[in-house]
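Okay, so here's the structure we're looking at.
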Amino acid sequence: MSEASDAPSVPDQGWRPFTVPNLISLARLCCLPWFVWLVFGAEDRWAAALLLGTLGATDWFDGWVARRFNQVSELGKILDPTADRLLLLVALVVMIVDGSLPLWIAMLALFREGVVAVAALVLGALGARKIDVTWWGKTGTFLMMFAVPMFLAGDSHIGAADAFRIAAWIFVVVGLPIHYWSAVGYIPQAFDAVREGRAGRTAG
């Protein structure tokens, strides 16, 4: 998904597939099977939580690298939010099956992701321009990507499990409303994107 970012603008550099941020996003996607295996194969929730938390942290890191070293790319604007969405989607489904995440939290998060995904398809069909991810969108995803592994760690056998469970609820209470608020914030931008997309085609 996309939207006008609140961060300082960076000159457009085209698709540029071979950048460090794009490689980080690709590596995050490649770690998904490992995460699934840790939960169901190794039955090691603590290791799975550490991996998922690390993958969530790299979401901030690859964005910082892109801006700091002028490696923003059109591919990265698509690949990074796609990796975010797939990571959260896989983690939620895995933890529903595993039973380590309250079902109502998973359903609310999945519903939001489903609505955004369908909206992106509709906007694409209408010829809307691409929308860059907003600061609120990144913040909501970041908080949820830490809440989910904390629930996993809270359901593990480590000594600090209770502390992780409390932290997970704090992150959810803050992160889930922001996650929904960011989706609402995309609505006016979606109308602008459709208008600009159509105007661009007419001018062309």
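The values are calculated or read from the model by the stated rules, or taken from the named source; none is laboratory data. The model shown is predicted, which means the values in this text are computed figures rather than measured ones. We place every Cβ from the backbone using ideal geometry, glycine too, and count neighbours over all the protein chains shown. Protein only, heavy atoms only, side chains kept; ligands, DNA and RNA dropped before computing areas. Shrake-Rupley method; radii C 1.70, N 1.55, O 1.52, S 1.80 Å.
Comparison of ALA163, ALA168 shows that the only residue that is among the aliphatic types (A, V, I, L, M), part of a helix (DSSP H, G or I) and crowded, with 16+ Cβ neighbours inside 10 Å is ALA168. Within the stretch 86-104, the set of residues being buried (at least 21 other Cβ atoms within 10 Å of the Cβ) and β-branched (Val, Ile, Thr) comprises VAL94 only. Once the stretch 130-160 is narrowed to residues that are over 20 Å from the mean Cα position of the chain (by Cα) and more than 23 Å from PRO177 (Cβ to Cβ), the residue that is most open to solvent (accessible area, probe 1.4 Å) is HIS157. As a summary of the residue check, ALA91 satisfies the conditions (1) touching a helix residue (DSSP H, G or I) at 6+ places or on another chain (Cβ under 8 Å); (2) not in a helix (DSSP H, G or I) except for the one numbered (2).
The test for being at pLDDT below 90 and under 17 Å from LEU88 (Cα atoms) does not hold for GLY185. Within the stretch 109-129, the set of residues being within 17 Å of the chain's Cα centre (by Cα) and surrounded by 15 or more Cβ atoms within 10 Å (Cβ to Cβ) comprises ALA109, LEU110, ARG112, GLU113, VAL116, ALA119, ALA120.
For the stretch 63-77, filtered to residues that are in a loop (DSSP other than H, G, I, E, B) and touching a helix residue (DSSP H, G or I) at 6+ places or on another chain (Cβ under 8 Å), the residue that is most open to solvent (accessible area, probe 1.4 Å) is PHE69. Taken together, ASP59, ASP80 contain a single residue that is under 16 Å from ASP132 (Cα atoms), crowded, with 19+ Cβ neighbours inside 10 Å, among the charged types (D, E, K, R) and without any contact (Cβ under 8 Å) to a residue 60 or more places away in the chain, which is ASP80. Screening the candidates ALA83, ALA4 for the property of being at negative phi, assigned to a loop (DSSP other than H, G, I, E, B), at pLDDT below 90 and touching an Asp or Glu at 6+ places or on another chain (Cβ under 9 Å) yields one hit, ALA4.
On the stretch given as the stretch 40-56, residues that are assigned to a helix (DSSP H, G or I), out of contact with any Leu (no Cβ under 9 Å at 6 or more places or on another chain) and free of Cβ contacts under 8 Å to residues at least 12 places away in the same chain total 1.
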